[in-house]
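Contents: one structure, followed by commentary.
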Amino acid sequence: MERERRRLIVTGVVQGVGFRPFVYRIAHAHGLAGSVCNRGDAGVEIEIEGDPQEIEGFLTDLREKHPPLARIGAISVEEIPPTGEAGFRIVPSKDGAGSAGAIPPDIAICDECIADIFGDTRYRGYWATSCTNCGPRFTVIESLPYDRPRTSMRDFPMCADCRAEYTDPLDRRYHAQTIACPRCGPRLTFDGTDDDPIACAAAALKSGEIVAIKGIGGTHIACDATNADAVTELRARLGRPGQPFALMATEEILPRIAEVTEEEWALLRSPRRPIVVLRQRPGALPEQVAPGLHTVGVMLPYSGLHHLLFAQLETPLVMTSANRPGSPML
Ligand SMILES: [Zn+2]
Ligand SMILES: [Zn+2]
């Protein structure tokens, strides 16, 4: 059988978005041998070998079926001599000149991971659940190529169960650099106690206290947005007398406090979970949330921690960044 081999360089946003597992799957589907690796310049390098028609099919799939979060800039193709290699592998990253330009943003937790957290799985109740389709990226990646040793997850070696999923090409967490579970991943605590941290935080928020919530992607200062005294106290402590506060609310809570159009829902639900400025429902929020304004900035929960917290709450939260302007992210 005639065999050909190609070397491809793919540029764009192709690291940290499930691109290598995707390449692995389509190479398998086309019966091609070869390898894929991340490059230090933020691109991905692929070598494929096999039937020329299957190579064409692979290239079509690469362009048309790539993961939704990937952005392909350009694909260069070079013909190289076949080596007779069998099988397709994900190989260690090649170091090279780093470029911060193509680090993907943090991505809101996906529906499957939410189902894992609330279902009967080993991730049940785990605040930092993620997969190749979701989770922190920008806030954990220290340099490219995107591999666990270059992320802030390096201090949490995978347990045997996580390792098994990480190395299973058919698993959603195949090569998910942020994979972690209750056994091996970072743990939450509340105020240094051993009590259930989510339950403690929810109880404190319900009773009008101010709570600092440190997740993987930075720290928020939170309080019950419907409690005027709590919001006033938060303003006093932060020294921000008039600046409007951003809120976080679930899809169930949000319609009670703001009017939301179809376009605004689409924006709220997009993977980066932006803060969207909405029209307040008159009288739904205390004046102190956004003094003098009829609008309010709201985002939907975007991490497992947020979903676990809101499972015990019925009100929106003020969620303001703990970072001072111009200072490093906490
Ligand atoms: Zn996920
Ligand atoms: Zn684990």
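Here, each number is a calculation from the coordinates, and none is a lab measurement. Remember, predicted model here, so these are calculated numbers, not experimental data. Cβ coordinates were reconstructed from backbone atoms using ideal geometry, including for glycine residues, and neighbour counts include every protein chain displayed.
Pairwise Cα distances in the chain exceed 37 Å in 27 percent of cases. Based on alpha carbons, the Rg and Dmax found for the range 271-314 are 12.6, 33 Å.
Using a simple spin-label model with pseudo-atoms 7 Å out from Cα toward Cβ, Lys94 and Ser152 lie 3.1 nm apart. The alpha carbon centroids of the range 172-190 and the range 1-64 are separated by 28 Å.
Of Ala236, Ala258, Ala128, which has the largest mean-square fluctuation in a 10 Å C-alpha GNM of the chain? Comparing Ala236, Ala258, Ala128 in the GNM, the peak value goes to Ala236. Computed 3J(HN,Hα) for the range 127-139, one whole-Hz value per residue from the Karplus formula 6.51 cos²θ - 1.76 cosθ + 1.60 where θ = phi - 60°, is 5, 10, 5, 7, 8, 5, 9, 7, x, x, 9, 4, 7, glycine and proline marked x. The length gained by stretching the chain between Lys206 and Ser321 to full extension, at 0.36 nm per residue less their Cα-Cα distance, is 39.4 nm. Between Arg183 and Trp265, the simple spin-label model (points 7 angstrom out along Cα→Cβ) gives 4.1 nm. Scaled to the globular estimate 2.2 N^0.38 Å, the Cα spread of the range 150-256, given as radius of gyration, is 1.42.
Geometric descriptor of the range 19-93, per residue, is 95 Å³ (volume of the convex hull of the Cα atoms). In this structure, Asp195 and Ala236 have a Cβ-Cβ separation that, at R0 = 22 Å, corresponds to a calculated FRET efficiency of about 0.20. Our coupling estimate for the range 261-272, obtained by passing each phi through the Karplus curve with A = 6.51, B = -1.76, C = 1.60 and θ = phi - 60°, is 7, 4, 5, 5, 4, 4, 5, 4, 8, 5, x, 8 Hz, Gly and Pro reported as x.
Here is the short version for the chain: Cys37, Cys113, Cys131, Cys162, Cys181, Cys200, Cys223 have no other Cys C-beta closer than 4.7 Å. Here the range 197-321 is treated as a Stokes sphere of Kirkwood radius computed over C-alpha pairs; at 4 °C and 1.567 mPa s its diffusion coefficient rounds to 89 µm²/s.
Calculated FRET efficiency, Phe138 to Glu4, Cβ-Cβ distance, R0 = 35 Å: about 0.35 to the nearest 0.05. Name all residues of the range 6-21 having a backbone nitrogen under 20 Å from the label point set 7 Å from the Cα of Thr167 along its Cα→Cβ direction, giving them as ranges. In the range 6-21, the label zone of Thr167 (backbone N under 20 Å from the point 7 Å along Cα→Cβ) covers 20-21. Taking the helices alone, the chain has a mean residue ellipticity at 222 nm of -6500 deg cm²/dmol, built from -39,500 (n - 2.57) per DSSP H run of at least 4 residues and averaged over all its residues.
Report note on the peptides 307-317, 167-177: ranked by the mean count of other C-beta atoms within 10 Å, highest first, their order is 307-317, 167-177.
Helix 197-206 and the longest principal axis of the Cα set of the chain meet at an angle near 40°. Computed from phi, the 3J(HN,Hα) profile of the range 23-34 under the Karplus parametrisation 6.51, -1.76, 1.60 (θ = phi - 60°) reads 4, 4, 5, 6, 5, 4, 4, 9, x, 9, 8, x Hz, with x in place of Gly and Pro.
With a simple spin-label model that places each label point 7 Å from the Cα along the Cα-to-Cβ direction, the separation between Phe118 and Val77 comes to 4.5 nm. Centre-to-centre separation between the Cα atoms of the range 212-288 and those of the range 112-145: 24 Å.
The share of Cα pairs per 10 Å bin across the range 68-173, counted from zero up to the longest distance, runs 11, 35, 35, 16, 4, 0 percent. Taking amide H atoms as placed 1.01 Å from N in the peptide plane, the amide H of Ala258 lies under 5 Å from those of Arg281, each 5 or more residues away in sequence or on another chain.
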